[in-house]
Amino acid sequence: MSTTLQHAIDQTLADLKALRRGMGPYPLASATKFRELQQLAQKARETPKPVPAPTAAVVSRLETPAFRAQEAAPSLATTLERYQTLDELRAAALACVKCEHLVASRTQVVFGVGNPNADIMFVGEAPGAEEDQQGEPFVGRAGQLLTKIIQAMGLSRDEVYIGNVLKCRPDMPKGSTGNRKPRAEEMETCLPWLERQIELVKPKALVALGATAVEGLLGETSSMSSLRGRWLEFRGIPVMVTYHPAYLLRNQTISEKRKVWEDMLKVMEKLDLPISEKQRRFFTSAA
Ligand code: URA
């Protein structure tokens, strides 16, 4: 505290004590002191406090070559802005080495497939074993079901665009079969590729296939039962959330198939695609 402020406070306290003892003319003097105090307090608030110098430990960490390199490196998202076509972006993605463990385990990067100007873009979670082998998303059992769904919409795989949140197959312990869910940090690292794909394709609607796709694309972790059939949004583009085709392979009831089909009808309506009466009735008892 400054000595002037301390002095003013001391003086005021003395005034107040004197006032308590019944000595005058304090009402005026006290009001003056109070204003004086207010002004000093305001001045103290406005006076910038000295900033402590960074410690030697902080300085030496900031000067390490690794920290300097990180500071100088542009983010992946910024780097990807230079790619103006999907072919350019694909070429760069195929050489990505961001996740060492996935680089070591993958057969190849699975970039995406379809019409570079598609109105509808389907987004899955990550390549499985078949996709890793063939270099194309959704070619295994779940992929074949997705192809059927697309065809039921009156479209072909060549007319839509299909991609994944993760471009490499999540690694699995040696000798084990099946797939694992991509980790949050893997999805975060890979997301700029998908974002740039979406920027270049400019679809009128996205379809997020399953909870992991919704989480990877939008960071939305609510349950599928609350999200499915709803329109969400990614940078102004409507996103329909539906079940992953692998879920339908595990739950082959007509009611679950109908749910996914109703979601696709919503997409078709949003894009003014023709819908026949027969299509409207798919997976109902009237079909
Ligand atoms: N499941 C996905 O989410 N993506 C694929 O490419 C294949 C299966």
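Put a plus charge on the Cβ of each Lys and Arg, a minus charge on the Cβ of each Asp and Glu, and nothing anywhere else: the dipole of the stretch 74-280 about its Cα centre is then about 540 debye. For the stretch 74-280, the antiparallel share of DSSP beta bridges with both residues in that region comes to about 35%. Simple rule: put +1 on each Lys or Arg Cβ and -1 on each Asp or Glu Cβ in the chain, find the dipole, and look at A41, A73, V51; the Cα lying farthest toward the positive end is A41.
Note on E63, E88: ascending count of other Cβ atoms within 10 Å places them as E63, E88, the fewest first.
In terms of overall dimensions, the C-alpha atoms belonging to the chain reach 101, 54, 38 Å along their principal axes, ordered largest to smallest. Other residues with beta-carbon under 12 Å from the beta-carbon of A286 carry, at +1 per Lys or Arg and -1 per Asp or Glu, a net charge of +3. Residues whose amide H falls under 5 Å from that of V160, counting only those 5 or more places apart or on a different chain, are N115, with hydrogens built in the peptide plane.
A dipole drawn for the chain from +1 and -1 charges on Cβ atoms has a positive end, and of C190, A104, S255 the residue lying farthest that way is S255.
For the options F67, F122, F138, a Gaussian network treatment of the chain with springs between C-alpha atoms closer than 10 Å singles out F67 as fluctuating the most. Across the stretch 151-162, computed HN-Hα scalar couplings (Karplus, 6.51 cos²θ - 1.76 cosθ + 1.60, θ = phi - 60°) run 5, 5, 7, x, 10, 10, 4, 6, 8, 9, 10, 10 Hz from first to last residue, x flagging Gly and Pro. Pairs of Cα atoms nearer than 8 Å and 6+ residues apart set the relative contact order; for the stretch 74-280 it is 22 percent.
A short reminder: the numbers here are calculations on the coordinates, not readings from a lab. Every value quoted in this text rests on a predicted model; they were computed, and no experiment measured them. Because the Cβ atoms are built from the backbone with ideal geometry, glycine has one as well, and the counts that use them run over all protein chains shown.
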